[in-house]
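Okay, structure first, notes after.
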Amino acid sequence: MTKIKEVVDLLQQLAPLSYQESYDNSGLQTGNLHDEITGVLVTLDCTLAVLEEALAAGCNLIIAHHPVIFRPLKQLTGRSETEQIIIKAIQNNLGIYACHTNLDNVLSGVNAKICEKIGLENLKILSQKTGNLIKLVTFAPLENTNAILAAMHTAGAGQIGNYQNCSFWVSGIGNFKPGAEANPHIGEPGQQEEVAENRMEVIFPEHLKEKVVTALLAAHPYEEVAYDLYRLENANQEVGAGMLGDLPKSVPATEFMQQLKTKMQLNTVRHTNFENKQIIKVAVCGGAGSFLIKDALRAGADIFITADLKYHDFFIPEGKMILADIGHYESEVFTKEIFYENIIKKFSNFAVLKSKVNTNPVRYT
Ligand SMILES: [Zn+2]
């Protein structure tokens, strides 16, 4: 049997909660982590119709991209659909888990799925996040260096782009005097010691902090382990908003637009003029992406595909890049495939269903 927690842990490996934006509310919204899963329904939005669909199919966990509780609720009386969803979920022991901007901000998230549909290569984050990398520095006797580094690497430290097990060490002298109650690995209580030690450095994303420090403490021979944690200002090339990719070859914009409509199942695209333009470099951002128009321009994109654009947004590129609004729902509806693919890869003892409800509140006539 599988507990809700195991699926939640998998989703948090895919999209750590610490990568969500400050205004967001991703995570488990209702339910008990220790309940056994009877079935999972994945969806873009958790509406009342989706909740009914989950209950009818015997699912007790809904995984949604958009959080059902986004702003704080002040009562639960069933006056709004959100309140009705929460009440009904609690009455039926149904877990609702939201994986929102944290999934927007990772390499294998919402935007990678759009890129996969369009057929883009050489994928990169368009606007990399800063401030989520930590550097750990520690000191240990020379003979323990390899074991300590190996333990921290196994915990996920030292991954930089396509390089793994990255670290740096340099030799020096450590000084200490064990107290009367101490049980030192080297030296005697009350005597000043000088020990040849290595200073080791590794970096890792902040959500791995506890895991890496635990690995360090377990592998280190000292009773008191000296280590420093520094938050870095460096951009994390694997975390951030939007994505940039290349088509295998340049195509006329008219042809690209037709392909885009087919591949993303679109009826309508709102866009700037694309006459006589060629496309090879494509920027994408699922959902509301107007905040990235200038990043897409700076990156040299031929087209930026996003949603929720306002009239004046369309003036910003001044003909240097095509701007295309494909609709919020349309840009993110394939997000449920990400949940589905990741869960069925790891678990096979419960059903995972993709919601069949069209939750798009926008209709075209
Ligand atoms: Zn969205």
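Among the residues of the stretch 306-319, is any surrounded by 20 or more Cβ atoms within 10 Å (Cβ to Cβ) and either on the phi > 0 side of the Ramachandran plot or in a loop (DSSP other than H, G, I, E, B) (or both)?
Of the residues in the stretch 306-319, the ones surrounded by 20 or more Cβ atoms within 10 Å (Cβ to Cβ) are 306-307, 309.
With the extra rule that they be either on the phi > 0 side of the Ramachandran plot or in a loop (DSSP other than H, G, I, E, B) (or both), the set shrinks to 309.
Yes, the stretch 306-319 has at least one match.
Within the stretch 280-292, restricting attention to residues that are surrounded by fewer than 22 Cβ atoms within 10 Å (Cβ to Cβ) and more than 16 Å from the ligand (Cβ to nearest atom), which residue is farthest from Asp313 (Cα to Cα)?
Out of the qualifying residues, it is Ile280.
Within the stretch 226-276, take every residue that is in a strand (DSSP E or B) and without any contact (Cβ under 8 Å) to a residue 40 or more places away in the chain and give me the one that is least open to solvent (accessible area, probe 1.4 Å). Give the derivation first.
Of the residues in the stretch 226-276, the ones in a strand (DSSP E or B) are 227-232, 235-252, 270-271.
Next cut, without any contact (Cβ under 8 Å) to a residue 40 or more places away in the chain only: 249-252.
Numbers: Lys249: 132, Ser250: 54, Val251: 13, Pro252: 48 Å².
Residue satisfying both the conditions and the ranking: Val251.
Any chance you could count how many residues in the stretch 83-111 are within 16 Å of the ligand (Cβ to nearest atom) and open to solvent by 20 Å² or more (accessible area, probe 1.4 Å)?
Residues meeting the conditions: 2.
Can you name the condition, by its number, that Asp9 falls short on among (1) in contact with a Gly (Cβ under 8 Å, 6 or more places away or on another chain); (2) assigned to a helix (DSSP H, G or I); (3) closer than 29 Å to Leu126 by Cβ?
In the conditions (1) in contact with a Gly (Cβ under 8 Å, 6 or more places away or on another chain); (2) assigned to a helix (DSSP H, G or I); (3) closer than 29 Å to Leu126 by Cβ, Asp9 misses (1) alone.
Only one residue in Ile62, Ile114, Ile69, Ile87 is part of a helix (DSSP H, G or I) and over 17 Å from the mean Cα position of the chain (by Cα). Which one?
Numbers: Ile62 fails: part of a helix (DSSP H, G or I); Ile114 fails: over 17 Å from the mean Cα position of the chain (by Cα); Ile69 fails: part of a helix (DSSP H, G or I).
The conditions single out Ile87.
Can you tell me which residues in the stretch 314-340 are away from the ligand (no atom under 14 Å from the Cβ) and more than 24 Å from Val8 (Cα to Cα)?
Phe314, Phe315, Ile316, Pro317, Glu318, Gly319, Lys320, Met321, Ile322, Leu323, Ala324
May I ask you to list the residues in the stretch 210-224 that are part of a loop (DSSP other than H, G, I, E, B) and either open to solvent by 30 Å² or more (accessible area, probe 1.4 Å) or among the aromatic types (Phe, Trp, Tyr) (or both)? Spell out the reasoning first.
First pass over the stretch 210-224, keeping only residues part of a loop (DSSP other than H, G, I, E, B): 220-224.
Selection gives Pro221, Tyr222, Glu223, Glu224.
Which one of these does Leu297 not meet: (1) hydrophobic (A, V, I, L, M, F, W, C); (2) open to solvent by 20 Å² or more (accessible area, probe 1.4 Å); (3) within 16 Å of the ligand (Cβ to nearest atom); (4) over 23 Å from the mean Cα position of the chain (by Cα)?
(3)
Report yes if some residue within the stretch 24-46 is open to solvent by 40 Å² or more (accessible area, probe 1.4 Å), touching a residue at least 60 places away in the same chain (Cβ under 8 Å), outside any strand (DSSP E or B) and under 30 Å from Gln237 (Cβ atoms); otherwise report no.
yes
Scanning for something at pLDDT 95 or above, more than 16 Å from the ligand (Cβ to nearest atom), at positive phi and out of contact with any strand residue (DSSP E or B) (no Cβ under 6 Å at 6 or more places or on another chain), does the stretch 341-361 turn up at least one residue?
No, the stretch 341-361 contains no residue that is at pLDDT 95 or above, more than 16 Å from the ligand (Cβ to nearest atom), at positive phi and out of contact with any strand residue (DSSP E or B) (no Cβ under 6 Å at 6 or more places or on another chain).
Being under 18 Å from Ile186 (Cα atoms) and free of Cβ contacts under 8 Å to residues at least 12 places away in the same chain is the filter here, so list the residues in the stretch 196-223 that pass it.
Hit for the stretch 196-223 is Leu217, nothing else.
Are there any pairs with C-beta distances below 6 angstrom linking a residue in the stretch 59-80 that is farther than 11 Å from Ile96 by Cα to a residue that is of a type in the set (D, E, K, R), with the two at least 6 apart or on different chains, and if so which?
That search, which allows pairs on different chains as well, returns Leu76/Glu83.
Which one of Glu121, Glu116 is of a type in the set (Asp, Glu), crowded, with 16+ Cβ neighbours inside 10 Å and at pLDDT 95 or above?
When all the criteria are applied, what remains is Glu116.
Considering only the stretch 47-68, state which residues are open to solvent by 10 Å² or more (accessible area, probe 1.4 Å), among the hydrophobic types (A, V, I, L, M, F, W, C) and over 19 Å from Glu332 (Cα atoms). Let's see the steps before the verdict.
To start, the set of residues in the stretch 47-68 that are open to solvent by 10 Å² or more (accessible area, probe 1.4 Å) comprises 47-49, 52-53, 55-58, 60, 66-68.
Pick out the ones that are also among the hydrophobic types (A, V, I, L, M, F, W, C) and you get 48-49, 55-57, 68.
Across the stretch 47-68, the qualifying residues are Leu48, Leu55, Ala56, Ala57.
Would the stretch 344-356 turn up any residue that is polar (S, T, N, Q) and assigned to a helix (DSSP H, G or I)?
no
Can you tell me which residue among Thr138, Thr145, Thr130 is away from the ligand (no atom under 16 Å from the Cβ), open to solvent by 20 Å² or more (accessible area, probe 1.4 Å) and not aromatic (Phe, Trp, Tyr)? Quick ask: steps written out before the conclusion?
Details: Thr138 fails: open to solvent by 20 Å² or more (accessible area, probe 1.4 Å); Thr145 fails: open to solvent by 20 Å² or more (accessible area, probe 1.4 Å).
Sole residue among the options that is away from the ligand (no atom under 16 Å from the Cβ), open to solvent by 20 Å² or more (accessible area, probe 1.4 Å) and not aromatic (Phe, Trp, Tyr): Thr130.
Against the definition (of a type outside the set (Gly, Ala, Ser), away from the ligand (no atom under 16 Å from the Cβ) and farther than 30 Å from Asn175 by Cα), how does Ile125 come out, yes or no?
Considered against the rule, which asks whether it is of a type outside the set (Gly, Ala, Ser), away from the ligand (no atom under 16 Å from the Cβ) and farther than 30 Å from Asn175 by Cα, Ile125 comes out as yes.
The values are calculated or read from the model by the stated rules, or taken from the named source; none is laboratory data. Computed from a predicted model, the values in this text were never measured in an experiment. Reconstructed Cβ throughout: ideal geometry from the backbone, glycine too, with neighbour counts over all protein chains shown. Calculation scope for accessible area: heavy atoms of the full protein, side chains included, ligands and nucleic acids excluded. Shrake-Rupley method; radii C 1.70, N 1.55, O 1.52, S 1.80 Å.
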